[in-house]
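Some notes on the structure that comes next.
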Amino acid sequence: MVISFAENKLTFDSPVTVYEAAQAAGLISRDVLCARINGEVCELTRTLDADAEVELLTFASTDGKKVFWHTSSHILAQAVKRLFPETKLTIGPAVDNGFYYDFDSEVSFTPEILTKIEAEMKKIVKENIKLERYTLPREEAVKFMQEKGETYKVALIARVPEGDDISFYRQGEFTDLCAGPHLFSTAAVKAFKLTQCTGAYWEGDSKNKMLQRVYGVSFPTKDELNAHLTMLEEAKKRDHNKLGRELEIFTTVDSIGQGLPVILPKGVTIMQTLQRWIEDEETKRGYLRTKTPLMAKRDLYRISGHWDHYLDGMFVLGDPYDETKECFALRPMTCPFQYQVYLNKKRSYRELPMRLGETSTLFRNEDSGEMHGLIRVRQFTISEGHLVLRPDQLEEEFKGCLELAKYCLGTLGLLEDCTFRFSQWDPKNTAKYEGTPEQWDEAQGIMKTILDNLGVDYEIGIDEAAFYGPKLDIQCKNVYGKEDTIVTIQIDMLLAEKFGMYYTDRDNQQKLPYIIHRTSMGCYERTLALLIEKYAGAFPLWLAPVQVQVLPISGTYNDYAEKVGKALSDAGIRVDVDYRNEKIGFKIREAQLSKVPYMLIVGEKEAESDEVSVRARNGSTETMALADFVAKAVKENAEKTR
RNA sequence: GCUGGUGUAGCACAGUCGGUAGUGCAGCUGAUUCGUAAUCAGCAGGUCGUGUGUUCAAGUCACAUCACCAGCUCCA
């Protein structure tokens, strides 16, 4: 048989392990963790008995990292079992930035206990324990885990499909049910840290018991671990929840309540800039603007279905269960309000597509643990829109929505951090969804065709759809790597019928339109949060709350500074003049910390020659004529330069 | 909502074995009028998240509660 390591091909007469083959090829080094054989990732101890394409994987590869972290999670579990034998094991996978293991234990894993677990893990690494894979027939596997009292593992075995191997990994006295693959030995995990212990529900279901999830991260070397931990510290500095407060963009007040941030003047400047820009852009693209009430009687939400699906999440004014009295609720979405604009009169096919846009404030009574800075709040404002369409217009209009969203996120600089998710229904979750399987197949089929035609690179999210239809969600990662939806485009095949939104077609028949629900730049609060993190508060000029700060060297030059300020503000630039009687170094320091894009230092020289000394955020300086700087700032502002 | 952690001045933090609260920055007042990241001096600011308990005595110990943070669950 022939074993190929890229162009390096070796012939063997009898079966060999990957390790032996690689060694024969002179490719084994300390860095090699596992291998990909004909596309499948597996351990170095795997025996090869036929021709194979082999790629050796190191920590540099994603799959190599996953294997490394997966074995790290087994080391964690082994340490926990040594220290707390009563603990029951559940699952312990590798994730994007490390690994975790979920335990069911009476002992609460406090930070002190995590330190003890780390010490035990260190021992296990030192012991250089080999990992051995073996399989058992189903009955024996169940019996084995039952005898160990690992009830969760017994449940997991039941989930392995018939015909698949039920594999185990043994490392010393510790054995875990696991599909693998794994490292050759525990010795490779030289540097690791248990980062936190939190709760997590068994099977991810909040009705189930809450387990203890220990998170960790590990690396082949101490230096890499330290670099990673430093990187996390740096990320913390960009956290919008901290930076946004320091930069006076927003604040929160206990007596106002959770999830109700107060947006400070600098934050409002940014939001207003975003809003004016996107409203104008939508108008250019044929949107009609609407303004609809912030609340409605429960009757409206009953028609749409939101009353049944989301009553708990609504702020209700009055007793929702008293049918003898009027009952209102603050709006959690815009759809049924904006539909009334369409329903205002009888519509012809000629009027479609009708594109409606609204800067819409919504209210959702999120559970107390859900709020986070500006990312998840109870009152927020969204660049909302609904398009009412004939079936033949669906693809073109969907494309238009996607183009607008991409233009918007691209201009903001966020698109490069975004991924696309095609959010589909889960036919098993009947409580959540309305409509027939046929309707869902149709809507999802259409959406798939559109996305494929547009060449959108998407992941599929099962059970992520809205109750009325599938969505394309544009997901953006925050500074900690946690993902949130920033923009959504949804195809709705149900609500038009509920609201009786017909149009008269060319053939004089009353027909139901499709509706697209969409945002262009999402929710202003969330987008602002992501912008703060993206730019670490150093916003592009067009978004900066203060675009130019004028710093007179001393009070003697305040008059000239005022003239400079007026020239800029007349040109539409947001400018602030620092008239305080402070040393210039102090003023520069403060301006620098506020991350203003440009400082203009003006003193005797500049006043005499009508010039400004321009200090950019990066510290570079340049003297130029005042008029030239005004032109430069105006240009940069208009072009939304990043 | 669940699990864990954290709450001391506007912000960042110190406060030992339980003995009635401190530093820096910010703020205010005065002096300084200055050339590219911090001028000097003085003043003021706190029911130590809140409540109950233990104690001669609680920022410190116990219990409860609230808020914040992380994760889970949820997100029309």
request  = Name the shape class, rounded, prolate or oblate, that the alpha-carbon gyration tensor gives for segment A:206-273, where a ≥ b ≥ c are the square roots of its eigenvalues, rounded holds for a/c under 1.5, and otherwise prolate holds if a/b is larger than b/c and oblate otherwise.
outcome  = oblate
query = Looking at the square roots a ≥ b ≥ c of the eigenvalues of the Cα gyration tensor of segment A:2-58, which shape do they give, rounded for a/c under 1.5, prolate if a/b is larger than b/c, or oblate?
reply = rounded
Electrostatic dipole magnitude of chain A [Cβ: Lys, Arg +1; Asp, Glu -1; Cα centre; debye, to 20] = 1260
Per-residue Cβ neighbour rank within 10 angstrom, fewest leading, A:HIS372, A:HIS240 = A:HIS372, A:HIS240
task = Using +1 at the Cβ of each Lys and Arg and -1 at the Cβ of each Asp and Glu in segment A:549-591, identify which of A:GLY565, A:VAL577, A:ILE553 lies farthest towards the dipole's positive end.
result = A:ILE553
ask   = Can you list, bin by bin at 10 Å, the percent of alpha carbon pairs in chain A, starting at 0?
value = 3, 12, 18, 19, 19, 16, 9, 3, 0, 0
ask   = Taking the Cα centre of segment A:63-235 as the origin and placing charges on Cβ (Lys, Arg +1; Asp, Glu -1), which of A:ASN226, A:ASN208, A:GLN146 is farthest toward the positive end of the dipole?
value = A:ASN226
request  = Please report A:MET624, A:MET314 as a ranked list, fewest other C-beta atoms within 10 angstrom at the top and most at the bottom.
outcome  = A:MET624, A:MET314
message = Relative contact order of segment A:2-58, please, whole-number percent, based on alpha carbon pairs below 8 angstrom and at least 6 residues apart.
response = 44
key: Length-normalised contact order of chain A in % [C-alpha pairs under 8 Å, at least 6 apart]   = 9
message = On a straight-distance basis, which lysines could pair with A:LYS511 in a cross-link, Cα separation under 18 angstrom, same-chain partners fewer than 8 positions away excluded?
response = A:LYS345, A:LYS346, A:LYS498
note = From fewest to most C-beta neighbours within 10 Å, the residues A:SER218, A:SER348 line up as A:SER348, A:SER218
request  = Find which of A:ILE129, A:VAL67, A:LEU33 sits farthest along the positive direction of the dipole of segment A:1-133, computed with +1 on the beta-carbon of Lys and Arg, -1 on that of Asp and Glu, about the Cα centre.
outcome  = A:ILE129
task = Could you state, as a whole-number percent, how many of the C-alpha pairs of segment A:354-402 are farther apart than 14 Å?
result = 63
task = Pairs of Cα atoms under 8 Å, at least six residues apart: use those to get the relative contact order of segment A:63-235, whole percent.
result = 27
ask   = Where in chain A are the DSSP H helices whose alpha-carbon span along the long axis reaches 30 Å or more and whose Kyte-Doolittle mean is at least -0.5?
value = A:62-83
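The numbers here are math on the coordinates, done by the rules we state, and not lab data. Since the structure is predicted, the reported quantities are computational estimates derived from the model, not experimental observations. Neighbour counts are summed over all protein chains in view; Cβ atoms, including those assigned to glycine, are modelled from backbone coordinates with ideal geometry.
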